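The values are calculated or read from the model by the stated rules, or taken from the named source; none is laboratory data. Given the structure is predicted, the values throughout are model-derived calculations rather than measurements. Glycine also receives a Cβ, built like all others from the backbone with ideal geometry; neighbour counts cover every protein chain displayed.
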């Protein structure tokens, strides 16, 4: 068993027995134990990822099928201090005034955090999580299966987005090819999530572009570009390296009956603009 995955049970027990601020704090803890530190490999034993030519699909395109270890990125502005080649942050983020006010006001202990109620992390925060992901690919779709909370994101190969995408936690994604690089373009977010554990904000105007380039049989060069005119003055990019694993995804369970919630150590989170939870005042930003 991967050492990283002893942690979920530990964190669930901790959530039941000890005060915690929010699921975001548990998320930080997961990324600092053993092999899960900000992009260090979780590949067990003596497995050495292959380095030969990247495999290809019958249609000639690069084959991304597989389970991939990837960097844990709690703060998309920061780089992996031990190995920047694994994860290069964007540096100081170009916040607008609204973005700066939002990140300064982010306080999951006071105002709640949606992850503490097992709500979907959203696209970027799921890609930032400390657990592996699996890519499944054919001529019509590319699908990302997240070990984090057992979420999935199905992306069709198509030329353009819907005229009026239905706002969702993960957004509406379409896949295209730029030579041998897979490009996943996403819009249509509901604006309720955060980019990362730090709480960097996003709005429903968010546009995310991810690129996947299989540099050899065992690695993917990955980039994610964030474009959100509400909270950032210009687009910015984070770069990472994914490593092929020799194992399968494990089951993940997020428990909503967290004592830290119902004993009041974590405030219940309510979607922006919604009515307050019965018996609780609407949290203020």
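Structure notes:
- Residue that is farthest from residue 137 (Cα to Cα), among those in segment 209-236 that are in contact with a helix residue (DSSP H, G or I) (Cβ under 9 Å, 6 or more places away or on another chain) and outside any loop (DSSP other than H, G, I, E, B): 232
- Each residue in segment 47-83 was checked for being within 19 Å of the chain's Cα centre (by Cα) and within 27 Å of residue 231 (Cα to Cα), and 11 pass.
- Cβ-Cβ under 8 Å pairs, at least 6 apart or on other chains, segment 171-193 side without any contact (Cβ under 8 Å) to a residue 40 or more places away in the chain and at positive phi, far side assigned to a strand (DSSP E or B) and surrounded by fewer than 19 Cβ atoms within 10 Å (Cβ to Cβ): 188/168; 188/172
- The set of residues in segment 164-208 being in a strand (DSSP E or B) and under 18 Å from residue 137 (Cβ atoms) consists of 173, 174, 175, 176, 177, 178, 181, 182, 183, 184, 185, 186.
- Only listed residue being modelled with pLDDT of 95 or more and in contact with a strand residue (DSSP E or B) (Cβ under 9 Å, 6 or more places away or on another chain), chosen from 198, 205: 205
- Taking the conditions (1) under 30 Å from residue 264 (Cβ atoms); (2) in a strand (DSSP E or B) in turn, residue 156 satisfies each one other than (1).
- Helices (runs of 4 or more DSSP H) fully within segment 60-153 counting 2 or more residues that are surrounded by fewer than 15 Cβ atoms within 10 Å (Cβ to Cβ) and free of Cβ contacts under 8 Å to residues at least 24 places away in the same chain: 97-105
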